[in-house]
1. Select from region 39-63 the residues that are of a type outside the set (A, V, I, L, M) and assigned to a helix (DSSP H, G or I) and write down the one among them that is nearest to residue 4 (Cα to Cα).
2. From the list 15, 25, 6, 108, pick out the single residue that is touching a Leu at 6+ places or on another chain (Cβ under 9 Å) and buried (at least 16 other Cβ atoms within 10 Å of the Cβ).
3. Only one of 201, 175 is modelled with pLDDT under 85, surrounded by fewer than 19 Cβ atoms within 10 Å (Cβ to Cβ) and in a helix (DSSP H, G or I). Can you tell me which?
4. Only one of (1) without any contact (Cβ under 8 Å) to a residue 12 or more places away in the chain; (2) closer than 22 Å to residue 192 by Cα; (3) of a type outside the set (Val, Ile, Thr) is not met by residue 156, so which one is it?
5. Taking region 18-38, which residues are part of a helix (DSSP H, G or I) and in contact with a strand residue (DSSP E or B) (Cβ under 8 Å, 6 or more places away or on another chain)?
6. Here are some residues: 27, 45. Which one is of a type outside the set (Phe, Trp, Tyr) and touching a residue at least 40 places away in the same chain (Cβ under 8 Å)?
7. Please go through region 134-150 and give me each residue that is open to solvent by less than 40 Å² (accessible area, probe 1.4 Å), in a loop (DSSP other than H, G, I, E, B) and in contact with an Asp or Glu (Cβ under 6 Å, 6 or more places away or on another chain), ordered by number.
8. Could you tell me which numbered condition residue 149 fails, if it satisfies all but one of (1) within 12 Å of the chain's Cα centre (by Cα); (2) at pLDDT 90 or above?
Amino acid sequence: MIWCVEDDASIRDIEVYALKSTGFEARGFEDGSSFFEALKDEIPRLVILDVMLPGDDGTQILKKMKENVKYADIPVIMATAKGNEYDKVQSLDLGADDYLVKPFGMMEMVSRVKAVLRRCSPKQEKEKMQIRDLMVNLEERTVYINKDVVSLTYKEFELLKLFVQNPKMVFTREQIYSNIWGSDFIGETRTVDMHVRTLRQKLGEYGNIIKTVRNVGYRLEINQ
């Protein structure tokens, strides 16, 4: 089920119709209140969320979703105003998986929905990694050092997960941005570097397993 949160009834109806005509189940909501009420009974596969909404706007709704453990993993595509770079960056930093720039075509919307669903589909993966006293459990999304919990944000864990699943592989900042934020690289490296820095700090003495590859990016280097 794909949910469309859009206050313009004509646009909402077209989105729902386009999704249904391409084989998806779809449902529309006019505001955050009706959307969150419906979430109590059903969890959608993906949400298309407009930024400009009455009451809580799209970024506020997105933030509430990511702060709630029950809704944090629902993929979200934000619909932003043309040329509003701030909305795009803010949405991606809050955890959106992709964005559409209004006005957008329905075929583009369906294509992006399919792409995000492919990226977010469950994969067979190594579930655990242990380096001396550092334990990373990908299935449980937990990290421990000396049996003490390491509290990571959603993006920090996704970053660590990317490295753990691909040890010794060098990732450029562009590749990291695309994998973690789910969008084409937009030329801003500070977000990637900031998340790597905070992840290293939280891992303490184990932060040095994330190596900087000069003029390229980062890799995970394990010497057990």
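The values are calculated or read from the model by the stated rules, or taken from the named source; none is laboratory data. Here the structure is a predicted model, which means the values were calculated and not measured. A quick note on method: Cβ atoms are made from the backbone with ideal geometry, for glycine too, and the neighbour counts reach across all protein chains shown. These accessible areas exclude ligands, DNA and RNA; they are computed on the full protein's heavy atoms, side chains included. Shrake-Rupley method; radii C 1.70, N 1.55, O 1.52, S 1.80 Å.
1. 58
2. Going through 15, 25, 6, 108 in turn, the sole match is 6.
3. 175
4. Condition (1) is where residue 156 drops out.
5. 19, 20, 32, 35, 38
6. The unique qualifying residue is 45.
7. The one that is open to solvent by less than 40 Å² (accessible area, probe 1.4 Å), in a loop (DSSP other than H, G, I, E, B) and in contact with an Asp or Glu (Cβ under 6 Å, 6 or more places away or on another chain): 138.
8. Residue 149 satisfies all of (1) within 12 Å of the chain's Cα centre (by Cα); (2) at pLDDT 90 or above except (1).
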